[in-house]
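The structure under discussion appears below in the form of structure tokens.
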């Protein structure tokens with residue numbers, strides 16, 4: 001079934017599909033962030049905003065959200081146990097995003113592929129880059145101490161905190177001067 005993105009609503013909101021992580025995992029990510037304070041300049045993600053993005057949707061209307069909600073309810077997946085993995089950064093030439101991976105990758109990739117497949121019905125383009133399950137902890141503007149940055153990347157140990165994945169969410173993102181504010185619109189549960 002082809003779904004139209006041409007809604008009657010003129011109000012549009014910035015939205016994304018995400019997986020939330022546990023409070024204990026968020027605490028560990030905060031600890032890791034602190035290791036990079038003074039080494040990098042940029043935007044450190046707030047604790048309440050830590051998540052894994054399954055798919056960024058961009059600006060959508062209320063009408064489109066309601067259509068999407070009906071379709072997302074059809075996605076079936078089993079609960080699974082995830083854990084924090086290793087630290088890394090995007091891009092190789094100049095680090096712009098500092099992140100921590102999530103394991104097991106296969107479970108996240110499978111759920112991501114289900115979302116991508118469903119969104120083809122909405123004419124939302126598939127991401128060109130390979131999906132890599134991660135939580136962004138900082139957006140880097142400048143590395144003040146490059147040698148120390150790369151040393152930290154090599155040596156830092158991340159506690160592999162376990163947590164259950166039993167749902168994913170459709171979030172609205174409101175951009176403010178202090179950073180984004182996320183609001184959960186709908187939650188979709190595992191079978």
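The table that follows gives values for the structure above.
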{"item": "Segment 91-102 - residue that is over 14 Å from the mean Cα position of the chain (by Cα) and closer than 23 Å to residue 28 by Cα and, of those, surrounded by the most Cβ atoms within 10 Å (Cβ to Cβ)", "result": "95"}
{"item": "Some residue of segment 165-176 being closer than 18 Å to residue 28 by Cα and under 18 Å from the mean Cα position of the chain (by Cα)", "result": "yes"}
{"item": "Flag for residue 181 being under 16 Å from the mean Cα position of the chain (by Cα) and without any contact (Cβ under 8 Å) to a residue 12 or more places away in the chain", "result": "yes"}
{"item": "Meets criteria (at pLDDT 95 or above and either under 19 Å from residue 132 (Cα atoms) or more than 15 Å from the chain's Cα centre (by Cα) (or both)) for residue 80", "result": "yes"}
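Here's the yes/no breakdown for (1) over 27 Å from residue 166 (Cα atoms); (2) modelled with pLDDT of 95 or more; (3) assigned to a helix (DSSP H, G or I):
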site: 17; (1), (2), (3): no, yes, no
site: 24; (1), (2), (3): no, yes, yes
site: 27; (1), (2), (3): no, yes, yes
site: 31; (1), (2), (3): no, yes, yes
site: 52; (1), (2), (3): no, yes, no
site: 65; (1), (2), (3): no, no, yes
site: 76; (1), (2), (3): no, yes, no
site: 84; (1), (2), (3): no, yes, no
site: 92; (1), (2), (3): yes, no, no
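The values are calculated or read from the model by the stated rules, or taken from the named source; none is laboratory data. Source: prediction; values computed, not measured. Cβ coordinates were reconstructed from backbone atoms using ideal geometry, including for glycine residues, and neighbour counts include every protein chain displayed.
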